[in-house]
1. Per residue of segment 187-192, in order, report the coupling 6.51 cos²θ - 1.76 cosθ + 1.60 (Karplus, θ = phi - 60°) as ³J(HN,Hα) in whole Hz, putting x for Gly and Pro.
2. Given Cβ point charges of +1 (Lys, Arg) and -1 (Asp, Glu) and nothing else, what value in debye, to the nearest 20, does the dipole of segment 130-230 about its Cα centre take?
3. Quick one: how many Å² of R29 are accessible to a 1.4 Å probe, rounded to 10?
4. Kindly state, to the nearest 0.05, the FRET efficiency for S16 paired with D163, given R0 = 35 Å and r defined as their beta-carbon distance.
5. Please identify, among A76, A99, A157, the residue showing maximal mean-square fluctuation in a Gaussian network model of the chain using a 10 angstrom Cα cutoff.
6. From the residues L8, Q75, S37, which one has its Cα farthest along the dipole of segment 1-117 in the positive direction, the dipole being from +1 and -1 charges on Cβ of Lys/Arg and Asp/Glu about the Cα centre?
7. L30's amide H: which non-local residues (gap 5+, or another chain) put their own amide H closer than 5 Å, with H modeled 1.01 Å from N in plane and none for Pro or chain starts?
8. Hey, got the dipole for segment 59-168? About the Cα centre, +1 on K and R Cβ, -1 on D and E Cβ, debye to the nearest 20?
Amino acid sequence: MTYPLIFLPGMMCDSSLFEPQITNFSRDRLVCVAPVSGFDQIENIAAEILKVAPKEFILAGLSFGGIVAMEMVRQAPNRILKIALMDTNHKAELPEMSAKRIPQIEGVKQGRLNQIMRDEIKPNYLRTGSKRTSILNLCMAMANDLGGKVFIEQSIALASRKDQTETLKQVKVPTLVLCGRHDRICPIKTHEEIASLVENATLEIIPDAGHLPTLENPEVTNRILQKWLL
């Protein structure tokens, strides 16, 4: 039986983040992208997705989506048959990072979403390379489509998220831990720790990619995801 695959996008991203994966994997299975918005708590976002998700499914989350994915595993471990955690972080947010979010939230409330995304958020996403400008433009388009309300909700959710170390220790399903080699937001060291917590997890490092390997190096990312899906 071929089970549905649910992708969960990163902060201020939508299905465009996974366009190369949707094109590739929807040939032989149901593929969908669940919105990771509507609430300002990770627990509530996860619970809402679980309400409408199939009884059993495969789950892949990137960055913010990976954080939501871990919470979904905590809430409903028996429904998730495989999990991919990509360019994400399993720990609670550090106070200094939460403090940086306060002026960003205030700026967005004042209508400066575009400026904050352009100057403070997106520059850290990608490695230096030929595709950088086009991918950054796509990221800005996704962010502007989602809007300030989603930015505020997701920022509050990130600041209040729980440590998922114990959740990861209980995972028994096939688990892929994937990271862009040049990810500055969620570095390789974090993914090595995630992989060490999950029994028999597979760690893959994507060359020529930063925080968004699904767009920066889709060929290698898809090849690794395909092997995980088998």
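1. x, 4, 4, 4, 6, 4
2. 60 debye
3. Surface accessible to solvent at R29 totals approximately 40 Å².
4. The computed FRET efficiency comes out at 0.70.
5. A99
6. Q75
7. Long-range HN contacts for L30: L5.
8. About 240 debye.
The values are calculated or read from the model by the stated rules, or taken from the named source; none is laboratory data. In this text the structure is predicted, and so the values were computed from the model without any measurement. Methodologically, a virtual Cβ is constructed for each residue, glycine included, from the backbone with ideal geometry; neighbour enumeration extends over all protein chains shown. Areas reflect the complete protein model, heavy atoms only, side chains present, ligands, DNA and RNA absent. Shrake-Rupley method; radii C 1.70, N 1.55, O 1.52, S 1.80 Å.
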